[in-house]
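Undergrad: Could you have a look at this structure, given as structure tokens, before my questions?
We did not get these values from a lab; they are worked out from the coordinates using the rules stated. What you are looking at is a predicted structure, and each value in this text was computed from that prediction instead of being measured. Counting neighbours? That spans all protein chains shown, and the Cβs are built from the backbone with ideal geometry, glycine included.
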Amino acid sequence: MDDWQGVAVLLCDPLMNVRAANDLGTALLGGLRHADNLFRLVFLDPAATDFFTEWTHIAAAAIDVLHAIVAEGRPPGLDDLLGELGRSGDFRRIWAGHDLSSDARRVKRLRHPVVGELTLFCDVLDVVRLPGHHVLALQAEPGSPSEHALGLLGSLAVTAS
């Protein structure tokens, strides 16, 4: 993961707990209260609606993923996670009115507090040796302002470490 240049990489377990990240992935989520779990980040982090510029689409995509997890079985910790997320009125409202989301699983529009606006494309790769785990690879379009901003974030992360 560390060798992927210009790509923010996160390794997530079936409940979207971030188990590992490269430096750029860590920098991308740096400063967010719930960067350890992507569902908690979306629904419980006070900064989420600023960080995700299209928060409603991201939230709908997160609910889609959670409904799929419930349909496939109940991995350990799911009920606790759902209970915790249920503290959010937004979560309860979207969960109850579940509808299919847009392309939010693929495109992430973010407002990073250090480098500003980013449009990133997210590829989700299954990890064969870790069933249910996924690698999220977030990258910008080559030559775009987002690529420049992501490169700056990477440089700042290297300088800080």
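Undergrad: Assuming R0 = 30 Å, what is the FRET efficiency of residue 13 and residue 47, from their Cβ-Cβ distance, to the nearest 0.05?
TA: 0.85
Undergrad: Show me the helices of the chain, taken as full DSSP H stretches, that run 24 Å or more along their long axis by Cα and average 0.5 or above in Kyte-Doolittle hydropathy.
TA: 55-72
Undergrad: When ranked by the protection proxy of mean other Cβ atoms within 10 Å per residue, highest first, what sequence do the peptides 34-43, 114-123 form?
TA: 34-43, 114-123
Undergrad: Give me the number: length gained by fully extending residue 20 to residue 128, i.e. 0.36 nm times residue separation minus the C-alpha to C-alpha distance, one decimal in nm.
TA: Extra length from residue 20 to residue 128 when fully extended: 37.3 nm.
Undergrad: Still on this model: Could you pull the Cα extents of the range 8-160 along its three principal axes, largest to smallest, in whole Å?
TA: Sorted from largest, the Cα extents of the range 8-160 read 41, 35, 26 Å.
Undergrad: Label residue 79 and residue 156 with points 7 Å out from Cα along Cα→Cβ: what is the distance between them in nm?
TA: If labels sit at residue 79 and residue 156, their model points lie 4.3 nm apart.
Undergrad: Right, here's the next one. Given R₀ = 25 Å, what would the calculated FRET efficiency be for residue 114 paired with residue 54, taking r from the Cβ atoms and rounding to 0.05?
TA: That gives a FRET efficiency of 0.80.
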